[in-house]
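Down below is the structure, laid out as C-alpha coordinates.
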Amino acid sequence: MKKVAFYTLGCKLNYAETSTISRMFEQKGYLKVSFDERPDIFIINTCSVTENADKKCKKLVREAKKISPNGFVAIIGCYAQLKPKEISEISGVDAVLGAAEKFRLLELLDDFSVQQEARVFASGIQEAQEFHQAFSMHDRTRTFLKVQDGCNYGCAFCTIPLARGKSRSERIDNVLESARQIAATEVKEVVLTGVNIGDFGIQDGKRKEHFIDLIRALDKVSGIDRFRISSIEPNLLTNEAISFVASSERFVPHFHIPLQSGSNTLLRKMGRRYLRELYQDRVEKIKTLMPHCSIGADVIVGFPGETEERFLETYEFLKNLPVSYLHVFTFSERANTRAAEMEDVVPMNVRNQRSKMLRILSEKKKRAFYEENLGKTFQVLFEEDIEDGKMHGFTENYIRVRAKYDPVLINEIKTVTLTEINEKGTVEVWEPEHEVQVHG
Ligand code: SF4
(Lines give C-alpha, C1' and ligand atoms only; values in the text may rest on other atoms or scores of the structure.)
Protein backbone atom coordinates (compact mmCIF):
# COMPACT_ATOMS: atom_id res chain seq x y z
CA MET A 1 0.00 0.00 0.00
CA LYS A 2 1.51 3.35 -1.04
CA LYS A 3 1.67 6.04 1.60
CA VAL A 4 0.66 9.62 0.83
CA ALA A 5 1.04 12.76 2.97
CA PHE A 6 -0.53 16.20 2.57
CA TYR A 7 0.51 19.67 3.63
CA THR A 8 -1.77 22.69 3.32
CA LEU A 9 -0.79 26.36 3.27
CA GLY A 10 -3.37 29.13 3.34
CA CYS A 11 -7.08 29.41 3.78
CA LYS A 12 -10.10 27.30 4.76
CA LEU A 13 -10.79 26.66 1.10
CA ASN A 14 -7.39 25.04 0.66
CA TYR A 15 -8.01 22.89 3.75
CA ALA A 16 -11.36 21.77 2.38
CA GLU A 17 -9.76 20.90 -0.97
CA THR A 18 -6.78 19.05 0.50
CA SER A 19 -9.16 17.03 2.64
CA THR A 20 -11.27 16.07 -0.37
CA ILE A 21 -8.22 15.17 -2.46
CA SER A 22 -6.89 13.03 0.39
CA ARG A 23 -10.20 11.10 0.49
CA MET A 24 -9.83 10.50 -3.28
CA PHE A 25 -6.45 8.90 -2.58
CA GLU A 26 -7.88 6.78 0.24
CA GLN A 27 -10.67 5.55 -2.02
CA LYS A 28 -8.00 4.37 -4.46
CA GLY A 29 -6.32 2.35 -1.73
CA TYR A 30 -3.56 4.73 -0.65
CA LEU A 31 -2.70 5.06 3.02
CA LYS A 32 -2.84 8.62 4.32
CA VAL A 33 0.02 9.32 6.72
CA SER A 34 1.60 12.39 8.23
CA PHE A 35 4.51 14.22 6.62
CA ASP A 36 7.18 12.56 8.79
CA GLU A 37 5.97 8.97 8.34
CA ARG A 38 8.15 8.40 5.26
CA PRO A 39 5.42 8.72 2.63
CA ASP A 40 5.93 7.61 -0.97
CA ILE A 41 4.03 10.68 -2.20
CA PHE A 42 3.89 14.23 -0.84
CA ILE A 43 1.15 16.62 -1.94
CA ILE A 44 1.75 20.26 -1.02
CA ASN A 45 -1.27 22.55 -1.46
CA THR A 46 0.08 26.09 -1.74
CA CYS A 47 -1.27 29.61 -1.29
CA SER A 48 -0.48 32.77 -3.23
CA VAL A 49 -1.48 35.10 -0.42
CA THR A 50 0.94 33.65 2.14
CA GLU A 51 4.01 35.82 2.64
CA ASN A 52 7.08 34.19 1.10
CA ALA A 53 5.05 31.48 -0.61
CA ASP A 54 8.12 30.58 -2.67
CA LYS A 55 10.40 30.15 0.34
CA LYS A 56 7.81 28.11 2.21
CA CYS A 57 7.30 25.89 -0.78
CA LYS A 58 11.05 25.32 -1.23
CA LYS A 59 11.48 24.54 2.46
CA LEU A 60 8.68 21.97 2.40
CA VAL A 61 10.15 20.30 -0.69
CA ARG A 62 13.55 20.10 1.01
CA GLU A 63 12.00 18.58 4.14
CA ALA A 64 10.03 16.08 2.08
CA LYS A 65 13.18 14.96 0.27
CA LYS A 66 15.02 14.62 3.56
CA ILE A 67 12.26 12.38 4.95
CA SER A 68 11.81 10.25 1.79
CA PRO A 69 14.67 10.83 -0.69
CA ASN A 70 12.86 8.76 -3.33
CA GLY A 71 9.43 10.17 -2.56
CA PHE A 72 7.31 11.86 -5.24
CA VAL A 73 6.58 15.54 -4.58
CA ALA A 74 3.58 17.23 -6.22
CA ILE A 75 2.77 20.92 -5.80
CA ILE A 76 -0.81 22.10 -6.27
CA GLY A 77 -2.86 25.17 -5.28
CA CYS A 78 -2.85 28.90 -5.96
CA TYR A 79 0.89 29.42 -6.06
CA ALA A 80 1.22 26.46 -8.43
CA GLN A 81 -1.28 28.13 -10.76
CA LEU A 82 0.56 31.47 -10.67
CA LYS A 83 4.15 30.22 -11.00
CA PRO A 84 4.15 26.70 -12.47
CA LYS A 85 7.46 27.03 -14.31
CA GLU A 86 9.31 28.55 -11.40
CA ILE A 87 8.06 25.79 -9.10
CA SER A 88 8.94 23.02 -11.56
CA GLU A 89 12.53 24.22 -11.40
CA ILE A 90 12.79 23.75 -7.63
CA SER A 91 15.04 20.80 -7.02
CA GLY A 92 13.01 17.83 -5.76
CA VAL A 93 9.67 18.81 -7.32
CA ASP A 94 8.21 16.04 -9.50
CA ALA A 95 4.93 17.58 -10.58
CA VAL A 96 3.05 20.88 -10.61
CA LEU A 97 -0.71 21.01 -11.11
CA GLY A 98 -2.75 24.16 -11.68
CA ALA A 99 -6.27 25.12 -10.65
CA ALA A 100 -7.99 23.21 -13.45
CA GLU A 101 -5.89 20.08 -12.91
CA LYS A 102 -5.48 19.58 -9.17
CA PHE A 103 -8.59 17.41 -8.75
CA ARG A 104 -7.36 15.18 -11.60
CA LEU A 105 -4.09 14.46 -9.84
CA LEU A 106 -4.61 10.69 -9.58
CA GLU A 107 -5.49 10.36 -13.24
CA LEU A 108 -2.76 12.68 -14.55
CA LEU A 109 0.10 11.34 -12.45
CA ASP A 110 -1.01 7.72 -12.64
CA ASP A 111 1.80 5.66 -10.99
CA PHE A 112 3.66 8.60 -9.42
CA SER A 113 6.98 7.49 -10.86
CA VAL A 114 9.82 9.97 -10.44
CA GLN A 115 11.10 11.15 -13.84
CA GLN A 116 14.08 13.17 -14.96
CA GLU A 117 12.11 16.38 -15.19
CA ALA A 118 9.15 17.72 -13.27
CA ARG A 119 5.81 17.28 -15.04
CA VAL A 120 3.75 20.45 -15.33
CA PHE A 121 -0.04 20.40 -15.81
CA ALA A 122 -1.15 24.00 -15.56
CA SER A 123 -3.37 25.49 -18.21
CA GLY A 124 -4.36 29.15 -18.24
CA ILE A 125 -6.69 30.23 -15.44
CA GLN A 126 -9.53 30.73 -17.95
CA GLU A 127 -9.66 26.91 -18.14
CA ALA A 128 -10.62 26.66 -14.47
CA GLN A 129 -14.36 26.74 -15.05
CA GLU A 130 -15.59 23.64 -13.34
CA PHE A 131 -16.68 23.67 -9.76
CA HIS A 132 -15.18 20.92 -7.60
CA GLN A 133 -16.97 19.94 -4.44
CA ALA A 134 -14.91 19.87 -1.27
CA PHE A 135 -15.24 19.72 2.48
CA SER A 136 -12.73 19.14 5.23
CA MET A 137 -12.85 16.22 7.64
CA HIS A 138 -9.96 16.81 9.98
CA ASP A 139 -11.79 16.43 13.27
CA ARG A 140 -15.28 15.63 14.49
CA THR A 141 -16.10 19.15 15.60
CA ARG A 142 -16.04 21.44 12.59
CA THR A 143 -15.91 21.15 8.84
CA PHE A 144 -15.22 23.71 6.11
CA LEU A 145 -17.74 23.23 3.34
CA LYS A 146 -16.79 24.78 0.01
CA VAL A 147 -19.84 26.29 -1.70
CA GLN A 148 -18.21 28.76 -4.10
CA ASP A 149 -14.87 29.31 -5.86
CA GLY A 150 -13.19 32.12 -7.81
CA CYS A 151 -14.02 35.82 -7.97
CA ASN A 152 -15.23 38.25 -10.64
CA TYR A 153 -14.12 41.30 -8.69
CA GLY A 154 -10.78 42.83 -9.46
CA CYS A 155 -9.51 44.42 -6.28
CA ALA A 156 -6.25 46.19 -7.04
CA PHE A 157 -4.20 44.25 -4.47
CA CYS A 158 -5.53 40.75 -5.03
CA THR A 159 -4.08 37.76 -6.89
CA ILE A 160 -6.89 35.37 -6.04
CA PRO A 161 -8.85 35.80 -9.32
CA LEU A 162 -5.60 35.02 -11.19
CA ALA A 163 -5.05 31.89 -9.11
CA ARG A 164 -8.62 30.62 -8.81
CA GLY A 165 -10.45 32.01 -11.82
CA LYS A 166 -14.00 33.24 -12.32
CA SER A 167 -16.78 33.02 -9.77
CA ARG A 168 -18.59 29.70 -9.84
CA SER A 169 -20.65 27.76 -7.36
CA GLU A 170 -22.02 24.41 -6.41
CA ARG A 171 -25.74 23.86 -6.98
CA ILE A 172 -27.85 24.15 -3.84
CA ASP A 173 -29.11 20.57 -4.08
CA ASN A 174 -25.51 19.28 -4.25
CA VAL A 175 -24.48 21.43 -1.27
CA LEU A 176 -27.41 19.94 0.66
CA GLU A 177 -26.24 16.46 -0.26
CA SER A 178 -22.74 17.23 1.11
CA ALA A 179 -24.31 18.72 4.25
CA ARG A 180 -26.27 15.51 4.79
CA GLN A 181 -23.09 13.45 4.40
CA ILE A 182 -21.41 15.71 6.95
CA ALA A 183 -24.38 15.40 9.32
CA ALA A 184 -23.97 11.64 9.25
CA THR A 185 -20.42 11.99 10.64
CA GLU A 186 -21.40 13.68 13.94
CA VAL A 187 -19.73 16.97 12.98
CA LYS A 188 -21.46 19.72 14.92
CA GLU A 189 -20.47 22.88 13.03
CA VAL A 190 -20.25 23.64 9.32
CA VAL A 191 -18.35 26.72 8.15
CA LEU A 192 -19.46 27.86 4.69
CA THR A 193 -16.37 28.53 2.65
CA GLY A 194 -15.50 30.15 -0.65
CA VAL A 195 -13.54 33.00 -2.20
CA ASN A 196 -16.50 35.38 -2.41
CA ILE A 197 -19.43 33.49 -0.93
CA GLY A 198 -21.87 36.38 -1.12
CA ASP A 199 -21.58 35.90 -4.88
CA PHE A 200 -22.83 32.31 -4.54
CA GLY A 201 -25.07 31.10 -7.34
CA ILE A 202 -23.12 31.51 -10.59
CA GLN A 203 -23.04 28.34 -12.67
CA ASP A 204 -21.51 28.19 -16.17
CA GLY A 205 -21.02 31.96 -16.12
CA LYS A 206 -24.68 32.72 -15.37
CA ARG A 207 -26.47 33.58 -12.14
CA LYS A 208 -28.77 30.67 -11.37
CA GLU A 209 -29.17 30.82 -7.59
CA HIS A 210 -28.65 33.18 -4.65
CA PHE A 211 -26.81 33.07 -1.35
CA ILE A 212 -29.99 33.72 0.64
CA ASP A 213 -31.61 30.61 -0.87
CA LEU A 214 -28.54 28.57 0.01
CA ILE A 215 -28.62 29.53 3.69
CA ARG A 216 -32.39 29.06 3.92
CA ALA A 217 -32.08 25.57 2.45
CA LEU A 218 -29.12 24.59 4.68
CA ASP A 219 -30.99 25.70 7.77
CA LYS A 220 -33.42 22.83 7.19
CA VAL A 221 -30.77 20.07 7.04
CA SER A 222 -31.14 18.08 10.22
CA GLY A 223 -28.20 16.76 12.22
CA ILE A 224 -25.98 19.87 12.08
CA ASP A 225 -26.13 22.11 15.14
CA ARG A 226 -24.36 25.16 13.79
CA PHE A 227 -23.65 26.90 10.50
CA ARG A 228 -21.14 29.71 10.35
CA ILE A 229 -20.73 32.11 7.40
CA SER A 230 -16.98 32.54 7.11
CA SER A 231 -16.45 35.87 5.36
CA ILE A 232 -18.74 37.95 3.17
CA GLU A 233 -18.24 41.16 1.21
CA PRO A 234 -20.25 44.05 2.77
CA ASN A 235 -21.95 44.96 -0.51
CA LEU A 236 -23.24 41.38 -0.81
CA LEU A 237 -24.44 41.07 2.77
CA THR A 238 -28.13 41.85 2.28
CA ASN A 239 -30.71 42.90 4.87
CA GLU A 240 -32.50 39.69 4.05
CA ALA A 241 -29.44 37.58 4.96
CA ILE A 242 -28.87 39.50 8.18
CA SER A 243 -32.52 39.15 9.23
CA PHE A 244 -32.44 35.48 8.35
CA VAL A 245 -29.38 34.83 10.54
CA ALA A 246 -31.02 36.81 13.35
CA SER A 247 -34.05 34.53 13.26
CA SER A 248 -32.21 31.26 12.63
CA GLU A 249 -31.52 28.81 15.45
CA ARG A 250 -28.58 27.33 13.61
CA PHE A 251 -26.82 30.11 11.70
CA VAL A 252 -24.70 31.59 14.47
CA PRO A 253 -24.45 35.35 15.25
CA HIS A 254 -21.00 35.85 13.76
CA PHE A 255 -20.00 37.70 10.59
CA HIS A 256 -16.60 38.39 9.15
CA ILE A 257 -16.84 41.37 6.81
CA PRO A 258 -13.76 42.63 4.96
CA LEU A 259 -13.41 46.42 5.29
CA GLN A 260 -9.82 46.91 4.03
CA SER A 261 -9.87 50.68 4.61
CA GLY A 262 -11.96 53.29 6.39
CA SER A 263 -10.99 55.93 3.83
CA ASN A 264 -13.34 56.27 0.86
CA THR A 265 -10.46 57.53 -1.28
CA LEU A 266 -8.55 54.32 -0.63
CA LEU A 267 -11.59 52.09 -1.04
CA ARG A 268 -12.04 53.58 -4.52
CA LYS A 269 -8.37 53.15 -5.31
CA MET A 270 -8.49 49.55 -4.17
CA GLY A 271 -11.44 48.93 -6.50
CA ARG A 272 -13.70 47.85 -3.64
CA ARG A 273 -17.43 47.95 -4.39
CA TYR A 274 -18.68 49.94 -1.39
CA LEU A 275 -17.88 52.99 0.67
CA ARG A 276 -17.44 53.27 4.42
CA GLU A 277 -21.04 54.44 4.87
CA LEU A 278 -22.34 51.16 3.51
CA TYR A 279 -20.02 49.20 5.78
CA GLN A 280 -21.20 51.15 8.80
CA ASP A 281 -24.81 50.59 7.81
CA ARG A 282 -24.25 46.79 7.61
CA VAL A 283 -22.64 46.69 11.04
CA GLU A 284 -25.41 48.79 12.58
CA LYS A 285 -28.10 46.66 11.01
CA ILE A 286 -26.50 43.52 12.44
CA LYS A 287 -26.08 45.02 15.89
CA THR A 288 -29.67 46.28 15.98
CA LEU A 289 -31.01 42.81 15.30
CA MET A 290 -28.29 40.88 17.19
CA PRO A 291 -26.59 43.01 19.87
CA HIS A 292 -24.45 40.04 20.95
CA CYS A 293 -23.25 39.27 17.39
CA SER A 294 -19.51 39.02 16.81
CA ILE A 295 -18.25 40.99 13.82
CA GLY A 296 -14.71 40.60 12.49
CA ALA A 297 -13.15 42.96 9.95
CA ASP A 298 -10.18 42.56 7.60
CA VAL A 299 -8.07 45.69 7.19
CA ILE A 300 -5.07 46.39 4.96
CA VAL A 301 -2.50 48.91 6.16
CA GLY A 302 0.08 50.61 3.97
CA PHE A 303 -1.81 50.50 0.67
CA PRO A 304 -0.27 52.98 -1.81
CA GLY A 305 -1.62 56.47 -1.09
CA GLU A 306 -2.39 55.73 2.56
CA THR A 307 -1.31 59.03 4.05
CA GLU A 308 -1.19 59.54 7.79
CA GLU A 309 -4.55 61.29 7.56
CA ARG A 310 -6.17 58.45 5.65
CA PHE A 311 -4.78 55.88 8.03
CA LEU A 312 -6.20 57.83 10.97
CA GLU A 313 -9.53 57.91 9.21
CA THR A 314 -9.47 54.11 9.17
CA TYR A 315 -8.32 53.98 12.78
CA GLU A 316 -11.06 56.30 14.04
CA PHE A 317 -13.69 54.62 11.93
CA LEU A 318 -12.90 51.22 13.42
CA LYS A 319 -12.50 52.59 16.91
CA ASN A 320 -16.05 53.93 16.85
CA LEU A 321 -17.63 50.99 15.09
CA PRO A 322 -19.00 48.04 17.12
CA VAL A 323 -16.78 45.44 15.47
CA SER A 324 -15.36 42.77 17.79
CA TYR A 325 -11.93 42.04 16.33
CA LEU A 326 -9.71 42.86 13.35
CA HIS A 327 -7.57 40.81 11.02
CA VAL A 328 -4.80 43.20 10.07
CA PHE A 329 -2.81 42.68 6.85
CA THR A 330 0.28 44.65 6.01
CA PHE A 331 0.13 45.55 2.33
CA SER A 332 2.75 43.86 0.18
CA GLU A 333 3.18 44.23 -3.55
CA ARG A 334 2.08 41.16 -5.54
CA ALA A 335 3.20 40.56 -9.10
CA ASN A 336 0.59 41.21 -11.80
CA THR A 337 -1.68 43.33 -9.62
CA ARG A 338 -2.55 46.99 -10.24
CA ALA A 339 -1.50 47.94 -6.73
CA ALA A 340 2.05 46.77 -7.40
CA GLU A 341 2.40 49.51 -10.03
CA MET A 342 0.88 52.34 -7.98
CA GLU A 343 2.71 55.41 -6.81
CA ASP A 344 2.77 56.93 -3.32
CA VAL A 345 4.25 53.80 -1.84
CA VAL A 346 4.17 53.70 1.96
CA PRO A 347 7.58 52.91 3.51
CA MET A 348 7.78 49.49 5.14
CA ASN A 349 8.54 50.84 8.62
CA VAL A 350 5.37 52.97 8.47
CA ARG A 351 3.34 49.99 7.30
CA ASN A 352 4.63 47.96 10.25
CA GLN A 353 3.94 50.75 12.70
CA ARG A 354 0.35 51.12 11.48
CA SER A 355 -0.16 47.39 11.58
CA LYS A 356 0.94 47.39 15.21
CA MET A 357 -1.49 50.21 16.06
CA LEU A 358 -4.40 48.33 14.57
CA ARG A 359 -3.42 45.08 16.26
CA ILE A 360 -3.51 46.88 19.60
CA LEU A 361 -6.89 48.35 18.68
CA SER A 362 -8.09 44.85 17.82
CA GLU A 363 -7.11 43.58 21.28
CA LYS A 364 -8.97 46.46 22.91
CA LYS A 365 -12.06 45.82 20.83
CA LYS A 366 -11.99 42.15 21.60
CA ARG A 367 -11.74 42.86 25.31
CA ALA A 368 -14.62 45.34 25.12
CA PHE A 369 -16.69 42.72 23.30
CA TYR A 370 -15.93 40.15 26.01
CA GLU A 371 -16.86 42.68 28.69
CA GLU A 372 -20.18 43.38 27.01
CA ASN A 373 -20.96 39.69 27.12
CA LEU A 374 -20.09 39.06 30.76
CA GLY A 375 -22.91 37.66 32.81
CA LYS A 376 -24.59 36.26 29.71
CA THR A 377 -25.15 32.63 28.88
CA PHE A 378 -23.86 31.02 25.71
CA GLN A 379 -23.47 27.65 24.08
CA VAL A 380 -19.89 26.43 23.80
CA LEU A 381 -18.83 23.75 21.35
CA PHE A 382 -15.82 22.09 22.98
CA GLU A 383 -13.00 20.80 20.81
CA GLU A 384 -10.23 18.25 21.15
CA ASP A 385 -7.80 21.13 21.54
CA ILE A 386 -5.90 20.36 24.70
CA GLU A 387 -3.09 22.38 26.26
CA ASP A 388 -1.71 22.15 29.80
CA GLY A 389 -4.64 20.12 31.02
CA LYS A 390 -7.17 22.56 29.56
CA MET A 391 -9.48 22.31 26.58
CA HIS A 392 -11.01 24.95 24.32
CA GLY A 393 -14.18 25.77 22.56
CA PHE A 394 -16.10 28.60 20.92
CA THR A 395 -19.40 30.19 21.82
CA GLU A 396 -21.84 30.75 18.98
CA ASN A 397 -20.70 34.39 18.88
CA TYR A 398 -17.05 33.40 18.59
CA ILE A 399 -15.74 33.88 22.11
CA ARG A 400 -12.99 31.41 22.81
CA VAL A 401 -13.51 29.46 26.01
CA ARG A 402 -11.07 27.41 28.06
CA ALA A 403 -12.13 24.67 30.44
CA LYS A 404 -10.56 22.06 32.64
CA TYR A 405 -9.94 19.06 30.36
CA ASP A 406 -12.74 16.57 30.45
CA PRO A 407 -12.89 14.02 27.62
CA VAL A 408 -16.66 13.82 28.03
CA LEU A 409 -16.98 17.41 26.81
CA ILE A 410 -15.19 16.87 23.49
CA ASN A 411 -17.50 17.64 20.57
CA GLU A 412 -20.31 18.52 22.95
CA ILE A 413 -22.27 21.77 23.10
CA LYS A 414 -22.62 23.02 26.69
CA THR A 415 -24.32 26.02 28.22
CA VAL A 416 -21.92 28.34 30.07
CA THR A 417 -22.18 31.73 31.69
CA LEU A 418 -19.30 34.17 31.21
CA THR A 419 -18.46 35.62 34.61
CA GLU A 420 -15.29 37.69 34.86
CA ILE A 421 -12.17 38.82 32.98
CA ASN A 422 -8.90 38.22 34.77
CA GLU A 423 -5.73 40.34 34.61
CA LYS A 424 -4.45 38.41 31.58
CA GLY A 425 -7.46 39.44 29.56
CA THR A 426 -9.04 36.04 30.00
CA VAL A 427 -12.58 35.59 31.23
CA GLU A 428 -13.50 33.22 34.02
CA VAL A 429 -16.81 31.55 33.43
CA TRP A 430 -18.79 28.76 35.06
CA GLU A 431 -20.57 25.92 33.47
CA PRO A 432 -22.80 23.74 35.69
CA GLU A 433 -20.14 21.19 36.64
CA HIS A 434 -17.00 22.57 35.04
CA GLU A 435 -14.84 25.58 35.64
CA VAL A 436 -14.09 27.26 32.29
CA GLN A 437 -12.18 30.31 31.12
CA VAL A 438 -12.57 32.49 28.05
CA HIS A 439 -9.44 33.97 26.58
CA GLY A 440 -8.21 36.06 23.74
S1 SF4 B 1 -13.40 40.38 -3.59
FE2 SF4 B 1 -11.47 41.40 -4.06
S3 SF4 B 1 -10.11 40.73 -2.39
FE4 SF4 B 1 -11.83 39.32 -2.41
S5 SF4 B 1 -11.13 37.61 -3.71
FE6 SF4 B 1 -12.27 39.03 -5.02
S7 SF4 B 1 -10.67 40.33 -5.91
FE8 SF4 B 1 -9.77 39.34 -4.11
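The values are calculated or read from the model by the stated rules, or taken from the named source; none is laboratory data. Just so we're clear, the structure is a prediction, and the values are computed from it rather than from any experiment. Cβ placement follows ideal geometry from the backbone for every residue including glycine, while neighbour counts extend to all protein chains displayed. These area figures cover heavy atoms from the full protein model, side chains too; ligands, DNA and RNA do not enter into them. Shrake-Rupley method; radii C 1.70, N 1.55, O 1.52, S 1.80 Å.
Just a few scattered comments:
- Fraction of beta bridges assigned by DSSP in the chain that are antiparallel (%, nearest 5): 45 percent
- Kirkwood radius, the range 230-288, all distinct C-alpha pairs, inverse of mean reciprocal distance: 12.1 Å.
- Label point distance in nm, Leu106-Gln181, each placed 7 Å from Cα along Cα→Cβ: 1.2 nm
- Between Asp385 and Glu277, the FRET efficiency estimated from the beta carbon spacing at R0 = 45 angstrom works out to 0.70.
- Per residue, the convex hull volume that the Cα atoms of the chain enclose (Å³): 153 Å³
- Accessible surface, the range 1-144, averaged per residue in Å² (probe 1.4 Å): 48 Å²
- Loop trypsin sites (Lys or Arg not before Pro), the range 349-412 (other Cβ atoms within 10 Å of the site Cβ: 16 or fewer; DSSP): Lys376
- For the range 1-155, the share of DSSP beta bridges that are antiparallel, to the nearest 5, is 10%.
- Stretch gain in nm, segment Ala340-Asn174, where the contour uses 0.36 nm per residue and the Cα spacing is subtracted: 55.9 nm
- Summarised as an ellipsoid, the range 1-145 has semi-axes of 20, 19, 15 Å, derived from the eigenvalues of the Cα gyration tensor scaled by 5 and square-rooted, with the largest first.
- For GluC sites (Glu not before Pro), the sites in the range 12-58 that DSSP calls loop and that have at most 11 other Cβ atoms within 10 Å are Glu51.
- Amide proton proximity set for Ser230, modelled H, under 5 Å, gap of 5+: Leu192
- Restriction of the GluC sites (Glu not before Pro) in the range 131-238 to DSSP coil positions whose beta-carbon has at most 11 other beta-carbons within 10 angstrom yields Glu186.
- Sites Glu130 and Glu26, calculated FRET efficiency, Cβ-Cβ separation with R0 25 Å, nearest 0.05: 0.65
- Scaling the Cα radius of gyration of the range 139-246 by the globular reference 2.2 N^0.38 Å produces a ratio of 1.07.
- Calculated FRET efficiency for the pair Lys376/Val350, C-beta based, R₀ 30 Å, to 0.05: 0.15
- Whole-Å distance, taken between Cα centres, linking the range 201-278 and the range 24-58: 31 Å
- Potential extension, Asn70-Arg359 segment - 0.36 nm per residue separation minus Cα distance: 99.6 nm
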